[in-house]
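Asks: The structure's right below; bear with me while I get my questions together.
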DNA sequence: CACTAGTGGAGCACGAGTGTTCCACTAAGG
DNA sequence: CCTTAGTGGAACACTCGTGCTCCACTAGTG
């Protein structure tokens with residue numbers, strides 16, 4: 001959306017936001033539910049997104065953009081690899097409902113979807129291999145496993161934040177600590 | 001199912017297995033798809049499970065039983081806590097499609113579902129706290145975070161196994177290694 | 001052969017959700 | 001005031017999946 005001002009822009013925004021929220025919980029919810037959540041009539045929703053697929057596509061486009069922006073915010077090329085991974089996790093956690101939708105619903109975030117984030121994925125893998133080359137990260141793991149661990153910790157943290165058993169800040173710290181040392185006791189002083 | 005013999009038992013089994021497989025991929029698939037997969041007519045499916053809810057309930061009952069059995073197989077009380085966690089991960093990975101369904105579809109594995117596995121959950125938490133008390137596991141983490149990490153690594157490994165990028169054995173080893181040391185490089189020799 | 005058990009397919013009614021059309025309403029601007 | 005922009009609700013047709021009924025078929029047994 002080049003120009004975000006005006007009634008139409010606000011309405012479209014409201015629909016998209018409501019869609020992400022509702023779809024994160026209930027991927028096959030009715031369009032009327034999304035319309036209700038957005039505070040618009042179903043007719044209006046259809047005016048902006050004539051078919052369900054149009055709405056889903058728009059959510060996809062927005063998802064790609066937001067994930068790209070979140071990755072950029074993490075500045076993976078700066079500082080140590082572990083720090084970069086932590087910044088990335090923190091950046092992604094900020095995406096909240098959107099990330100929930102991506103993680104919890106493989107039908108939406110299918111292969112074609114993740115292919116659009118190939119550049120971001122490569123940047124992450126580059127960061128990981130940089131960390132392995134520098135001796136910071138365990139070189140016996142394939143980079144994609146490390147990437148998967150990061151995402152799985154994000155998944156875990158996100159679930160707990162959604163349940164209210166972790167705060168956003170705790171989640172961030174726990175991911176970092178777990179990346180650094182797994183769950184085994186440290187040979188040295190506690191990191192927390 | 002007290003008696004697993006006979007045509008009816010085999011048909012019921014076929015339907016349940018097909019349901020788990022298909023539902024893992026497509027939780028809102030049509031009953032006719034499950035019937036096709038099972039190699040039975042839809043009428044037959046309805047004879048065994050008159051309504052969709054009946055089939056879902058049966059899958060739930062089976063899930064609980066299988067998760068209980070898998071937990072029991074892991075013998076969490078034996079050996080070191082880390083070894084116990086690894087055995088549990090391995091045991092759960094053996095459940096394949098069922099575990100996929102549980103992890104990927106929160107609508108099915110809801111709170112009520114997990115409550116039925118409360119005893120198993122407690123056993124796991126007991127094992128974790130045992131490991132923390134003995135100095136094996138990091139005592140600065142809450143036990144439920146450690147439990148969540150285990151499940152999220154399982155989730156990640158399961159995805160990779162399903163995609164064919166990891167073998168079942170590799171998945172098991174990677175989970176173990178990651179639990180022990182996260183993704184940071186070891187101060188000592190590589191564990192692999 | 002007749003009977004029983006188990007099954008499959010066809011067809012129907014129903015409900016929920018989707019896409020579409022139409023009309024009425026409100027607010028803002030000239 | 002009139003016009004335009006934006007919107008909501010009602011109603012309808014359609015599709016898909018579900019639950020249900022009925023009938024026919026096959027296989028096995030006595």
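Asks: Against the longest alpha carbon principal axis of chain A, how many degrees, from 0 to 90 and to the nearest 10, is the axis of helix A:52-74 turned?
Replies: Result, in degrees: 30.
Asks: Further, regarding this structure: To the nearest whole number, what is the average tally of beta carbon atoms from other chains within 10 Å of the beta carbons of peptide B:139-147?
Replies: 5
Asks: Which whole-angstrom value gives the distance between the alpha carbon centres of the range B:130-192 and the range A:89-105?
Replies: With the range B:130-192 and the range A:89-105 each reduced to a Cα centre, they are spaced 22 Å.
Asks: Same structure, new question: I need the shape label for the range B:1-95. Rule: rounded when a/c is under 1.5, else prolate if a/b > b/c, else oblate, with a, b, c from the alpha carbon gyration tensor.
Replies: Note, shape of the range B:1-95 comes out prolate.
Asks: Output, in nm with one decimal and in ascending order, the distances from the residue B:41 label point to the matching label points of the other copies (7 Å from Cα along Cα-to-Cβ).
Replies: The projected label point of residue B:41 is separated from its counterparts by 4.8 nm.
Asks: How high is the relative contact order of chain A, in percent, with contacts defined as C-alpha pairs under 8 Å that are six or more residues apart?
Replies: This gives 18 percent for chain A.
Asks: Nearest 10 degrees is fine. How inclined is helix B:81-93 to the longest principal axis of chain B, computing both from alpha carbons?
Replies: The answer is roughly 20 degrees.
Asks: Right, something else. Taking residue A:56 in one copy and the same position in all the others, each labelled 7 Å out along Cα→Cβ, what are the pairwise distances from the first, in nm, shortest first?
Replies: Between copies, matching label points for residue A:56 lie 1.9 nm apart.
Asks: In the Gaussian network model of chain A, springs joining C-alpha atoms below 10 Å, which of A:86, A:122, A:95 carries the largest mean-square fluctuation?
Replies: A:122
Asks: Looking at chain A as a GNM with Cα springs under 10 Å, which of A:41, A:181, A:77 has the largest mean-square fluctuation?
Replies: A:181
Asks: Let me ask something else. Can you classify the protein assembly as shown as rounded, prolate or oblate using the Cα gyration tensor, where a ≥ b ≥ c are the square roots of its eigenvalues, rounded means a/c under 1.5, and otherwise it's prolate if a/b beats b/c and oblate if not?
Replies: Judged from the Cα gyration tensor, the protein assembly as shown comes out oblate (a/c at least 1.5, b/c at or above a/b).
Asks: Would you kindly work out, in nm and rounded to one decimal, the distances from the label point of residue A:68 to those of the same position in each other copy, ordered shortest first, with label points 7 Å along Cα-to-Cβ?
Replies: Ordered by increasing distance: 5.2 nm.
Asks: At residue A:13 and residue B:108, where each label point lies 7 Å from the Cα along Cα→Cβ, what is the point-to-point distance in nanometres?
Replies: Here the answer is 3.9 nm between the modelled labels.
Asks: Another question about this same structure. Over chain A, with a Gaussian network built from C-alpha contacts below 10 Å, which listed residue (A:47, A:168, A:12) shows the highest mean-square fluctuation?
Replies: Greatest mean-square fluctuation among the candidates belongs to A:47.
Asks: While we're on this one: Taking a ≥ b ≥ c as the square roots of the Cα gyration tensor eigenvalues, with a/c under 1.5 meaning rounded and otherwise prolate when a/b beats b/c, else oblate, which class fits chain A?
Replies: Prolate, since a/c reaches 1.5 and a/b exceeds b/c.
Asks: Sticking with this one: Using the alpha-carbon atoms, what tilt in degrees (0 to 90, nearest 10) does helix A:168-181 show relative to the longest principal axis of chain A?
Replies: Compared with the principal axis, the helix lies near 40 degrees.
Each reported figure results from applying straightforward, stated rules to the coordinates on display, with no laboratory input. What you see is a predicted model; the values in this text were computed from it and never measured. No Cβ is skipped: glycine too gets one built from the backbone with ideal geometry, and neighbour counts run over all protein chains shown.
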